[in-house]
Amino acid sequence: MEALRTGNIAVGACVSTVGGQIVCSARNRVNDSEGPRGEIFGSALAHAEMNVLARLPFRRRRDLVLTTTLQPCLQCAAAIRLGPIATVRFAGPDRYWDGCHDFGKLSAREAHRVQPARIGPRRDELGTFATLISRFVHLPPAYEEALRALGEGPMVGLVRELEGGGEVERLAAMDVVEGLGYLWPRLQELAKVLPA
């Protein structure tokens, strides 16, 4: 929720070993004017996945697990492909970028390379929560229209309801567990009507 509190898109990411030891973590910083050394900020490139990958040493390992709030976009999927990531785990689906991880369609070389394993999205309230919080802050009309066309109309409607009622600010002040609990009844309803 730190990203949301700071006016950024609410996506965070961490890289861990297969055994679960966290190597590093980062968050979205597209609207920040400064950030930790080695991270991108104040740019459309400053996604959580980009920042967590930027913190990894060059060519040290190839067996790491990247866990992120939302299904990676095209930019992040490409960076993950080039990084030392063996497995990508994500909670929320992102219908806008679905399928953009398959670089095998681009070239014969990529078609023969091993793709990182993918675990996600979750098809439950936690996955719905992850997608929902990522939709706050940045939902311009063209993006909103595209999401509605992809079946996310109920999600967009809830985003607008929460924004209009001042609830996003309240959510931003909560930790993740509190925010999840606060939204739980609405997440249950939303999970029933969103496309699988």
The chain - share of DSSP beta bridges that are antiparallel (%, nearest 5): 50 percent
Per DSSP, loop GluC sites (Glu not before Pro) in the range 1-100 with at most 10 further Cβ within 10 Å: GLU34
Equivalent ellipsoid dimensions for the chain as semi-axes, Å, which come from the Cα gyration tensor, largest first: 27, 20, 16
For SER107, SER33, SER25, order by how many other beta-carbon atoms lie within 10 Å, fewest first: SER33, SER107, SER25
Pair GLN21, ARG109: separation of 7 Å Cα→Cβ label points (nm): 3.4 nm
Geometric extent, Cα atoms of the range 133-196 - Rg, Dmax (angstrom): 12.0, 32
Karplus (6.51, -1.76, 1.60) ³J(HN,Hα), θ = phi - 60°, over the range 4-10, in Hz, Gly and Pro reported as x: 5, 4, 9, x, 10, 5, 6
The range 165-194-the range 67-87 distance, computed between alpha-carbon centres (Å): 26 Å
Relative contact order, percent, the chain [alpha-carbon distance under 8 Å, six or more residues apart]: 19 percent
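Each reported figure results from applying straightforward, stated rules to the coordinates on display, with no laboratory input. Remember, predicted model here, so these are calculated numbers, not experimental data. Here the Cβ is made from the backbone with ideal geometry for all residues, glycine too, and neighbour counts use every protein chain on show.
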